[in-house]
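For reference, the structure is listed below as structure tokens.
The values are calculated or read from the model by the stated rules, or taken from the named source; none is laboratory data. Predicted model only: the values in this text are computed from it and were never measured. Neighbour counts run over all protein chains shown; Cβ positions are idealised from the backbone, glycine included. Ligands, DNA and RNA are excluded from the accessible area calculation, which covers all protein heavy atoms including side chains. Shrake-Rupley method; radii C 1.70, N 1.55, O 1.52, S 1.80 Å.
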Amino acid sequence: MNFSDDALHKIAESMEPLSQKGVSRRDFMKFCATMAAILALPASFIPKIAEAISGKKPYLVWLEFQDCAGNTEALLRATKPTAAKIILDILSVDYHETIMAPAGHQAEKSLMDVVKNQKGNYLVVVEGSIPMKDGGVYCCISGKSAVDIAKEVCGNALATIAVGTCAAYGGIPAANPNPTGAVGVKEAVPNATVINLPGCPVNVENITACVVHFLTFGSLPNTDKFGRPYFAYGKRIHDNCERRAHFDAGQFVRQWGDEAHRQGWCLYEMGCKGPETFKNCPTVKYNEGTSWPVQAGHGCIGCAEPNFWDTMTPFYRRLPSVPGVSIETTADKVGAGLVAATAAGILIHGIGRALSPKKEEE
Amino acid sequence: MANERNRVYAWEFPIRFTHWINVICIVALSVTGFYVGNPFMYAVSSKQYIMGWMRLIHFIAAYAFLMSMIIRIYWAFMGNKYACYTVWFPFSGKKLGEFFDALKFYLFLSKKPPYTVGHHALAGFTYLIVYLLFVFEIVSGFALYSVNHKGAIWQALGGWLVGIMALPIIRLYHDLVMYVLIAFTLIHVYFSWYSDSREKNGLMLSIFNGYKFITGKESDI
Ligand code: HEM
Ligand code: SF4
């Protein structure tokens, strides 16, 4: 990369606070370049990003409702410390139940301080779904229901990032029959500015890229009709999958562990939902680009799509079950049965005709 | 006079044309669609392109099928009275009577065949259902197509369905309706032959040359 003197100067300046914390210039540049790549920005934006992320520190609170803390895990389990360091450094994380030091009333106070003092100025990350049934009693923190907390905290925020499928669309708690009436943040707090980053868990790079976009441009990235940013959810997994050539050729795994599976052929017939799922998993991957399900030999389960637990199951079959018949019956069996019944009907009709008395000919 | 046989021009060229285009397209779409659903042939080398070709043929046939549908609907407004869209809606009192008469004839409950030049009420209603299934296949097909073809045209043709229905559910019904259409085809060919052989009305030939035979005058029916 070739940068102008001015750009280099800016980068050097923005590096200063980080280099004091042991983040090397190389790591920092790599981070900025990765962010530009994820956001599909040209390299000329790298200095701009470097400048933006080392300038202001937005206040951020992280709320957990009906969740498994998987997204928090994804954030904290970064294998190399630098990325996490940078993320935590560009944000001022003021409340995060899993990692904060204060507890009890003290913790509540730090949350309310942000809400009061930074009204309309802070970011919220929400993890987990919000139960709405029976006045929201199924998830309460310090005597307040999740929905009331969300209304207060997200309603007064500059923007809310709903991470993971539960926070975005209700996810697993919202799976049929949805006993707690779980919904995503946007549904619980319709007036909040929400960006959805579904996935089970979210890719940390996508959260960071959202924040970086926000810091660089002062706005949240553009979203599709499900409220997901195009940079991460604009392309279908199937269209970026490393096994796609095997799909087009007609080379499919038919059984776990068969020769085709060992050869790394396409997992379509094993129920891969890559053709129905939009996310940048094939390029961003997980655990800092180590791997992702299809690379590891398991089909995509469509975890980033709304209602995936109801619409993407059975996970190991290509199509959902036909409503009204037993789950073991596939669409093809139902179809074949229909055609066979029709053929039988015609046969019976033909026999009936042959047996019925001939009509008097004119 | 009443028993005089008359030759009537029932099916105009666009009707016969779209009929045979539909036949070709549905066969092509069903064979290739079945492969997409159940890849029964396996490639031995990565250089092959079996799924690729199947999908390409599916999409070409899909466009041809769409065009055929458009011509047919246009002709429902421009063509003769046998092609008119009103035959698909046999809901008037007289037509409902004809509907049940035809049903009785096919179920051996009556020996009196439905006597019309074009479609009788039961057939007209069946074609309404079939055309609705065609429209569903086209809309759901373009919905599946729109996931990696982002233009406004594909949005309008089917992309809008994504979100109302989840993609796997769209695939499921796109797949199931194929079997319904195969079942329809069996019934359709059988009863065409049945009606032809019972009524000697030239039905099987009429879809090739357009002419049907009736007893009496066209204006009497
Ligand atoms: C008579 C009409 C049609 C029949 C019988 C038919 C049949 C099928 C079948 C059985 C499948 C496999 C579904 C599955 O099991 O996942 C399929 C897939 C598909 N069809 Fe059709 N189809 C028809 C019309 C159309 C039309 C008009 C389009 C419009 C573009 C279309 C586009 C598609 C697409 C995009 C797929 C998915 C291909 C893929 O994911 O690779 N189909 N079709
Ligand atoms: S493994 Fe899944 S996503 Fe990849 S090409 Fe096959 S079906 Fe598509």
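When the Cα positions of A:Pro201, A:Phe308, A:Val93 are compared along the charge dipole of the protein assembly as shown, A:Phe308 comes out farthest toward the positive end, with charges on each C-beta of Lys, Arg, Asp and Glu. Mean sequence separation of contacting Cα pairs (under 8 Å, at least six apart), scaled by the length of the stretch B:6-214, corresponds to a relative contact order of 25 percent. For A:Val325, what is the net charge nearby, where nearby means another residue's Cβ is under 13 Å from its Cβ and Lys, Arg count +1, Asp, Glu -1? Local net charge: -1.
Within the stretch A:279-299, list the residues whose amide N lies under 17 Å from a label point set 7 Å along Cα→Cβ of A:Glu242. The answer is A:280-299, whose backbone nitrogens lie closer than 17 Å to the label point. Toward the positive end of the charge dipole of the protein assembly as shown, with +1 on the Cβ of Lys and Arg and -1 on the Cβ of Asp and Glu, the farthest Cα among B:Tyr82, A:Val61, A:Tyr268 is that of B:Tyr82. Hydrophobic long helices, here whole DSSP H runs in chain B with Kyte-Doolittle means of at least 0.5 and Cα atoms spread over 30 Å or more along the helix axis, are found at B:13-37, B:50-78, B:121-146, B:167-199.
What the stretch B:6-214 shows is 49 Å² of accessible area per residue, with the surface traced by a 1.4 Å probe over protein heavy atoms. Taking 0.36 nm per residue of separation and subtracting the Cα-Cα distance, full extension of the segment from A:Ser291 to A:Phe217 would add 23.6 nm. Taking chain A as a whole, the Cys residues whose C-beta sits 4.7 Å or farther from every other Cys C-beta are A:Cys32, A:Cys68, A:Cys139, A:Cys140, A:Cys154, A:Cys166, A:Cys210, A:Cys241, A:Cys266, A:Cys272, A:Cys281, A:Cys300.
Please state the charge dipole magnitude for chain A, taken about the Cα centre, from unit charges on C-beta atoms (+1 on K and R, -1 on D and E), reported in debye and rounded to the nearest 20. Present the calculation step by step, with values, prior to reporting the outcome.
Details: 35 positive and 36 negative charges, 62 e Å.
With only Lys, Arg, Asp and Glu charged at Cβ, the dipole is about 300 debye.
For chain A, the longest principal axis of the alpha carbon atoms and the long axis of helix A:204-217 meet at an angle near 60°. Once the stretch A:106-154 is represented by equal point scatterers at the alpha-carbon sites, with solvent omitted, what log10 I(q)/I(0) does the Debye formula produce at q = 0.17, 0.20, 0.25 Å⁻¹? Per q value, in the given order, log10 I(q)/I(0) is -0.53, -0.72, -1.00. Here each label is just a point 7 Å from Cα along the line to Cβ, and for B:Asn6 and A:Ala340 those points are 4.9 nm apart. Please report, in cubic angstrom per residue, the volume enclosed by the convex hull of the alpha-carbon atoms of the stretch B:41-124. Convex hull volume per residue, Cα atoms: 140 Å³. Can you compute the FRET efficiency between B:Phe108 and B:Val135 using 1/(1 + (r/R0)^6), with r the Cβ-Cβ distance and R0 = 41 Å? Round to the nearest 0.05. According to the calculation, E is roughly 0.80.
Between the stretch B:182-213 and the stretch A:271-319, how far is it from one alpha carbon centroid to the other, in angstrom? Between the Cα centres of the stretch B:182-213 and the stretch A:271-319 lies a distance of 49 Å.
Accessible surface of A:Val137, taken over heavy atoms with a 1.4 Å probe and every protein chain present, rounds to 90 Å².
Take the Cα radius of gyration of the protein assembly as shown and divide it by 2.2 N^0.38 Å, with N its residue count; two decimals is plenty.
Details: Rg = 31.4 Å, N = 583, 2.2 N^0.38 = 24.7 Å.
Compactness ratio reported: 1.27.
Greater than 26 Å separation of Cα atoms is the criterion. Which listed pairs, A:Lys144/A:Lys186; A:Lys285/A:Lys333; A:Lys133/A:Lys235; A:Lys279/B:Lys150, meet it? All intermediate terms of the calculation are to be shown ahead of the outcome.
Details: A:Lys144/A:Lys186 19 Å; A:Lys285/A:Lys333 36 Å; A:Lys133/A:Lys235 35 Å; A:Lys279/B:Lys150 16 Å.
Pairs exceeding 26 Å: A:Lys285/A:Lys333; A:Lys133/A:Lys235.
Computed from the Cβ-Cβ distance with R0 of 51 Å, the FRET efficiency linking B:Ser192 to A:Asn176 stands at 0.70. What the Cα atoms of the stretch A:237-341 give is an Rg and a Dmax of 15.0, 54 Å. The figure for A:His261 is an accessible area of roughly 50 square angstrom, using a 1.4 Å probe on the protein chains alone.
For chain B, the equivalent ellipsoid derived from the Cα gyration tensor has semi-axes of 38, 18, 17 Å, listed largest first.
Roughly to the nearest percent, how much of the accessible area of the stretch A:237-341 is carbon and sulfur, given a 1.4 Å probe? Intermediate values should be presented prior to the final figure.
On the way: 2520 of 4440 Å².
Of all accessible area on the stretch A:237-341, carbon and sulfur atoms account for 57 percent.
Could you sort the residues of the stretch B:176-202 by number and keep only those whose accessible area is reduced by 30 Å² or more in the all-protein-chain setting relative to the chain alone, 1.4 Å probe? At a threshold of 30 Å² (probe 1.4 Å), the residues of the stretch B:176-202 that become less exposed are B:Leu176, B:Tyr179, B:Ala183, B:Leu186, B:Tyr190, B:Arg198.
Could you run the numbers on buried accessible area between A and B, total for both chains, 1.4 angstrom probe, in Å² to the nearest 100?
Values: alone 18490 and 13240 Å², together 27670 Å².
The A and B chains share an interface burying roughly 4100 Å².
For the pair B:Ala156 and B:Tyr115, a Förster radius of 35 Å applied to the C-beta separation gives a FRET efficiency near 0.25, rounded to the nearest 0.05. Estimated at the nearest 10 Å², the accessible area of A:Arg25 is 120 Å² with a 1.4 Å probe.
In chain A, what percentage of the DSSP-assigned beta bridges are antiparallel, given to the nearest 5?
On the way: 8 of 27 bridges.
Once the DSSP bridges in chain A are tallied, antiparallel ones form about 30 percent.
The chymotrypsin sites (Phe, Trp or Tyr not before Pro) of the stretch A:152-256 meeting both criteria, a DSSP state outside H, G, I, E and B (loop) and at most 16 other C-beta atoms within 10 angstrom of the site's C-beta, are A:Trp256. Protein heavy-atom surface of the stretch A:57-233, 1.4 angstrom probe: 55% of the accessible area is carbon and sulfur, with nucleic acids and ligands not counted.
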